[in-house]
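Some notes on the structure that comes next.
The values are calculated or read from the model by the stated rules, or taken from the named source; none is laboratory data. These numbers were taken from a predicted model, which means no experiment stands behind them. With ideal geometry, Cβ positions are generated from the backbone for all residues, glycine too; neighbour counts draw on all protein chains shown. Note: areas computed on protein heavy atoms with side chains; ligands, DNA, RNA excluded. Shrake-Rupley method; radii C 1.70, N 1.55, O 1.52, S 1.80 Å.
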Amino acid sequence: MSDSWDPVRYSRFKSERAAPFFDLLGLVRAVPNGSVADLGCGTGELTVAAHEHLGARRTLGVDSSAAMLDGAADQTTAGVTFANGDIAMFASAEPLDVVISNAALHWVEDHPAVLGRWTAALGQAGQLAVQVPANADHPAHVLARELAEEEPFRSALGGDPPLDPVLRVMRPEEYATILDGLGFAEQHVRLQVYGHRLASTSEVVEWVRGTSLTRFASRLPDELFGEYVDRYSSRLVDGSWPRRASEPRRAGRAAAVGGCAMLDPVTVVDEVSDLLQHLIRNACVNDGAPESGQEVRSTDLLASYLEGTGLDLERYEALPGRGNLVARIEGSDPTAPSLLLMGHADVVPVNAARWRRDPFGGELVDGEIWGRGAIDMLNETSGMAVAFKTLAAEGWRPRGTLIYLAVADEEALGTFGAEWMLREHPDAVRADYVLTESGGFEMPLPSRSGPKFPMMVGEKGTHWVKLRVRGTAGHGSMPFRSDNAVVKAADVVRRIAQFEPGTDISDTWRRFVTRADLPDDIARLLLDPGSLRSFVRDSDDIGVARMAHAATHTTFAPTIAHGGTKTNVIPDTVELTLDIRTLPGQTAQDIDQMLQQAIGDLADQVDVEAQSTDEATSSPVDTPMWDSMQRVTAGLRPGSTNVPFTTVGATDARFFRRAGSVAYGAGLFSDRISFADFASMFHGDDERIDQESLRLGVEFFEAVARDFLA
């Protein structure tokens with residue numbers, strides 16, 4: 001690269017240029033305290049982003065343009081340095097964990113040899129991540145090449161116009177063959193079409209002047225280069241250049257090969273699918289430890305996606321890496337009600353051996369995206385983001401303020417996410433109405449008046465406890481008449497599993513049954529405690545049975561057991577952890593009494609330690625937001641009706657309800673995935689979401705915002 005590069009012009013479209021980089025970065029696994037090289041680093045902003053995203057100890061940015069490196073000097077920070085060098089010949093004295101290169105490889109020759117050198121710089125478990133533009137046939141490039149063959153430019157270029165660098169880019173399958181030959185244990189290559197919707201033809205000219213036209217700026221006199229740009233611009237304006245249809249996307253993961261197609265349209269399904277896949281691949285697994293989650297990987301990705309539309313974006317971290325992101329579209333009327341769209345960025349752990357596909361692969365198979373979080377709730381986090389960006393990009397100005405919030409730590413009590421945000425930064429997130437997970441899935445109910453979609457108006461409480469079952473230590477060779485804590489704990493678990501709390505026909509359950517418009521005999525069955533118990537026990541639809549039981553009963557689920565120290569020692573202690581979900585109005589004292597009743601005569605040998613208590617919450621149904629959601633649902637799924645329901649799991653909505661907001665679990669899903677499968681995939685195996693549901697989700701949140709805030 002020569003110093004015809006202009007950092008200011010190049011950075012003019014930094015948000016659009018950054019999109020392929022962050023897509024690429026989303027495919028790279030974090031390397032805490034690792035070493036990274038960014039080859040073709042330019043002005044260095046993305047080098048710093050990679051350093052922080054990957055958790056690296058040391059990152060080196062390399063570029064051959066002194067002008068670009070002058071800009072990078074401002075980016076130097078702890079652990080990040082920059083150097084002038086030929087990326088084609090890059091080598092490292094010490095093995096690196098990651099070599100990353102964004103939109104630079106095509107500027108050098110002999111890609112197989114260069115990739116071989118970069119691979120040699122890696123350690124045994126190193127990762128190579130490369131993105132190159134694959135858009136040689138785009139009209140902006142075709143016109144540039146054709147114009148260079150015309151006079152007076154051809155003569156001024158010595159009869160040999162410089163090669164368009166994108167012509168060096170090979171086919172994806174050729175790169176796959178190279179990577180295979182270099183011995184990578186895992187390799188992913190994909191072709192991605194990016195739809196950069198630039199405002200005018202002049203902006204297209206400015207875009208290419210900042211990149212591919214630099215090869216002419218370095219070889220043509222200033223006056224002649226100005227004439228070249230003028231002729232190039234006029235050809236674009238008068239439309240005498242060939243237009244082409246958008247290329248289809250091909251899914252995969254990768255040393256990503258990006259096809260940058262300026263002004264090409266991208267469908268909503270493409271956009272939300274791609275964003276969801278990257279969120280899944282970020283693997284922000286929250287196991288409850290303060291240092292887990294590392295949601296900053298996904299909040300950085302979401303911030304990059306939302307940038308460039310004039311949005312106000314703010315990042316917050318309760319602890320390093322526990323990222324929360326807020327975006328706002330300010331309303332024109334401060335007295336109008338405000339709306340918050342809230343999704344979480346963390347996911348629960350997986351047992352990968354039980355999955356049919358990589359739980360963090362984000363694979364698209366037969367119209368379904370697989371991966372942890374596809375249902376809970378990265379699907380809606382991404383759908384809300386796409387809806388939000390669509391509104392912002394068109395300059396939409398609502399009466400009431402619209403807020404987008406992506407939070408950390410929802411899967412472990414919200415300590416570093418929604419709860420912390422409301423306590424420490426309430427003005428950033430407080431809103432009159434909140435929509436979050438997870439409503440809008442069609443229950444298989446025999447309604448007399450069309451499909452019914454439950455929307456969550458409340459949620460059960462949580463009461464998590466640890467039981468310490470006491471026994472007496474002894475030798476494992478003499479178990480007869482021993483006081484074995486494991487045996488006793490097994491009996492305690494059995495008793496809790498068999499315990500049947502009373503059936504509660506709450507106001508929300510009664511409204512759900514009534515508004516579902518069921519045949520009279522079924523409605524009577526679901527509103528009678530005795531008949532309801534029989535129904536959930538005998539129903540063939542296990543998904544409906546589980547949901548109906550959980551919505552009308554306090555539930556006790558033993559989830560963790562620890563005990564014993566050695567194979568030949570009879571244990572004197574076993575610890576059991578219970579996930580108890582409480583109904584509205586129940587207190588910790590009520591649950592303790594139920595536990596004593598369930599454990600029975602073993603209660604004096606069991607110590608109970610409460611770990612956390614969160615009482616049930618609910619919101620009213622007769623609100624303008626409920627009416628708005630009904631109008632939107634009926635428009636997207638004609639003949640359908642929303643019905644109120646109580647979600648049986650905990651969500652971050654509870655914090656906002658206690659702060660005075662009306663909060664609903666909302667959304668809209670297709671009927672491709674059965675309700676039973678849908679219910680089983682929350683924290684379960686083979687989690688996946690169909691693309692039709694993703695489309696409906698985006699349209700739902702966008703339409704509700706327009707309807708309610710306009």
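Please work out if Ala634 is open to solvent by less than 60 Å² (accessible area, probe 1.4 Å) and closer than 28 Å to Arg468 by Cα.
Values: open to solvent by less than 60 Å² (accessible area, probe 1.4 Å): yes; closer than 28 Å to Arg468 by Cα: no.
Answer is no for this residue.
Would you please name the residue that is surrounded by the most Cβ atoms within 10 Å (Cβ to Cβ), looking only at residues in the range 109-129 that are among the hydrophobic types (A, V, I, L, M, F, W, C) and either more than 18 Å from Ala185 (Cα to Cα) or in contact (Cβ under 8 Å) with a residue 40 or more places away in the chain (or both)? Spell out the reasoning first.
The first filter runs over the range 109-129 and keeps only residues among the hydrophobic types (A, V, I, L, M, F, W, C), leaving 113-115, 118, 120-122, 125, 128-129.
Among the residues that remain, those that are also either more than 18 Å from Ala185 (Cα to Cα) or in contact (Cβ under 8 Å) with a residue 40 or more places away in the chain (or both) are: 113-115, 118, 121, 128-129.
Values: Ala113: 13, Val114: 20, Leu115: 21, Trp118: 26, Ala121: 19, Leu128: 20, Ala129: 22.
Out of the qualifying residues, it is Trp118.
State which residue is least open to solvent (accessible area, probe 1.4 Å) when the search covers only the range 138-175 and only residues that are among the charged types (D, E, K, R) and outside any helix (DSSP H, G or I). Working first, answer last.
Narrowing the range 138-175 to residues among the charged types (D, E, K, R): 145-146, 149-151, 154, 160, 164, 168, 171, 173-174.
Then keep just the ones that are outside any helix (DSSP H, G or I); that gives 149-151, 160, 164, 171.
Details: Glu149: 97, Glu150: 54, Glu151: 100, Asp160: 102, Asp164: 3, Arg171: 132 Å².
Out of the qualifying residues, it is Asp164.
The conditions are (1) among the polar types (S, T, N, Q); (2) on the phi < 0 side of the Ramachandran plot; (3) surrounded by fewer than 23 Cβ atoms within 10 Å (Cβ to Cβ), and Thr59 fails exactly one of them. Which is it?
(3)
Suppose we filter Gly450, Gly440 for residues that are farther than 14 Å from Arg515 by Cβ and part of a loop (DSSP other than H, G, I, E, B); which single one remains?
Values: Gly450 fails: farther than 14 Å from Arg515 by Cβ.
None of the others qualify; the one that does is Gly440.
Return the pair list, or none, for Cβ contacts closer than 8 Å from residues in the range 385-412 that are touching a residue at least 12 places away in the same chain (Cβ under 8 Å) and in a helix (DSSP H, G or I) to residues that are surrounded by fewer than 18 Cβ atoms within 10 Å (Cβ to Cβ) and of a type in the set (Lys, Arg), at least 6 apart or on different chains.
Leu391/Arg706; Ala393/Arg197
Does the range 555-567 contain any residue that is touching a Gly at 6+ places or on another chain (Cβ under 9 Å), within 27 Å of Ala485 (Cα to Cα) and exposed (fewer than 14 other Cβ atoms within 10 Å of the Cβ)?
Looking for residues that are touching a Gly at 6+ places or on another chain (Cβ under 9 Å), within 27 Å of Ala485 (Cα to Cα) and exposed (fewer than 14 other Cβ atoms within 10 Å of the Cβ), one finds at least one in the range 555-567, hence yes.
Here is a list of conditions, (1) at pLDDT 90 or above; (2) open to solvent by less than 10 Å² (accessible area, probe 1.4 Å), and Pro320 meets all of them except one; can you say which number that is?
Failing condition for Pro320: (2).
Could you tell me which residue of the range 284-303 is surrounded by the fewest Cβ atoms within 10 Å (Cβ to Cβ), considering only residues that are in a loop (DSSP other than H, G, I, E, B) and among the polar types (S, T, N, Q)? Spell out the reasoning first.
The first filter runs over the range 284-303 and keeps only residues in a loop (DSSP other than H, G, I, E, B), leaving 284, 286-295.
From what is left, the residues that are among the polar types (S, T, N, Q) are 286, 292, 294.
Numbers: Asn286: 24, Ser292: 18, Gln294: 24.
The qualifying residue surrounded by the fewest Cβ atoms within 10 Å (Cβ to Cβ) is Ser292.
Just checking, how many residues over the range 465-510 are farther than 30 Å from Asp614 by Cβ and not hydrophobic (A, V, I, L, M, F, W, C)?
Residues in the range 465-510 being farther than 30 Å from Asp614 by Cβ and not hydrophobic (A, V, I, L, M, F, W, C): 11 in total.
Looking only at residues that are farther than 14 Å from Val492 by Cβ and in a strand (DSSP E or B) in the range 568-579, which one is most open to solvent (accessible area, probe 1.4 Å)?
Filtering first and then ranking leaves Val569.
Working only within the range 480-510, note down all residues that are assigned to a loop (DSSP other than H, G, I, E, B) and open to solvent by 80 Å² or more (accessible area, probe 1.4 Å).
Phe480, Arg481, Glu500
Just to be sure, is Arg219 among the basic types (Lys, Arg), modelled with pLDDT under 90, assigned to a loop (DSSP other than H, G, I, E, B) and within 34 Å of the chain's Cα centre (by Cα)?
Numbers: among the basic types (Lys, Arg): yes; modelled with pLDDT under 90: yes; assigned to a loop (DSSP other than H, G, I, E, B): yes; within 34 Å of the chain's Cα centre (by Cα): no.
Answer is no for this residue.
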